[in-house]
Each structure stands twice: as structure tokens, then as C-alpha cells.
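Asker: Can you keep this structure in mind? I'll have questions shortly.
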Amino acid sequence: MLQTIVSESCRDICPILKDPAALKAVIDLFEEHVRNNHQHVDLIVDNTFVSVASLSLTTFRLKIVFALFLQAEAEIQEDAVAPGQRVLLVDDLLATGGTLYAASELMRKQQAEVLGCMVVIELKELNGVDKLKLHRVFSLLQY
């Protein structure tokens, strides 16, 4: 279902946000990944595009604290992340890796431990995962 929705929309996340079943599928798949791979996560850090999914995931299902980073400048409130917290980074799209790299550097400055990254769509031909080689990347869809 996600594959069809995204393929028909030129690999854009917006149609997923408009389709309740697709958005639920994203939330369910992210939840399953976190439950199976990151039982000790303290915080999920997200950009603005997947916030609805992450808020639902963290607040109602996994009871993990949520923090938002702003994509354009990769900034976060100083008290949103405590030193030593174990975080997952979430983004809608992994292209060149710049946004998630900036977010991981921000977490490093906050003295947090990045456990991994989760994305809805990964554009493999742009090799963004290479920029994040210190972190495991989980992507729902790859092109």
C-alpha cells in the first residue's frame, strides 16, 4: 500500500499524510521496528514532516518522549535532550543525508547517544546512508 501511494506521487510523503490507512501503516511499521530493535530508547527526535506519526507513536503507543528538530537549520531547544539520553532520529526522506547528519551532530553536541535513524523513504541512488555510516538506518521504502 505505501509503495503504491508513494510511487504514484513521485516519491513524496504528502500523500501518505492525507491517507489515514497509509499513515497508520507508517506508524505501525515504525512502532514494530522500535519495539524489536530499540527497547532502551529514551527519546525520538523528529523533523516537522513526520511529526504527526511520531507524536502518535511516541505518546500513545511506546510512551517515549518526543522532541522536534527544525529541518532547515537543525536546531532544537536546549532542554529537549539531556546528556546521555538514547535517541532515535526520524525523517520523512533520506536523500543526500544532510538533514539527518545535521541532526546527529546536534545530538552529539547535546551529548546524547544516537541509536539509529528511521525514514519513510530512502533514495538509494543519492547514497545518503554513506553520510550516516556511524548510525543504522531503517527505511520503509527504498528507491
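Values in this text are rule-based calculations from the coordinates and carry no lab data. In this text, all values refer to a predicted model and were calculated from it rather than measured experimentally. Neighbour counts run over all protein chains shown; Cβ positions are idealised from the backbone, glycine included.
Asker: Give the order of Cys14, Cys117 when sorted by the count of other beta carbons within 10 angstrom, beginning with the fewest.
Answerer: The fewest-first ordering by Cβ neighbours comes to Cys14, Cys117.
Asker: Using Cβ contacts closer than 10 Å as the measure, can you line up Asp92, Asp79, Asp12 from fewest to most?
Answerer: Arranged by neighbour count, lowest to highest, Asp92, Asp79, Asp12 become Asp79, Asp12, Asp92.
Asker: So if each residue of separation counts as 0.36 nm, and I subtract the Cα-Cα distance between Ala21 and Asn37, what length gain in nm does that give?
Answerer: Here the answer is 3.4 nm.
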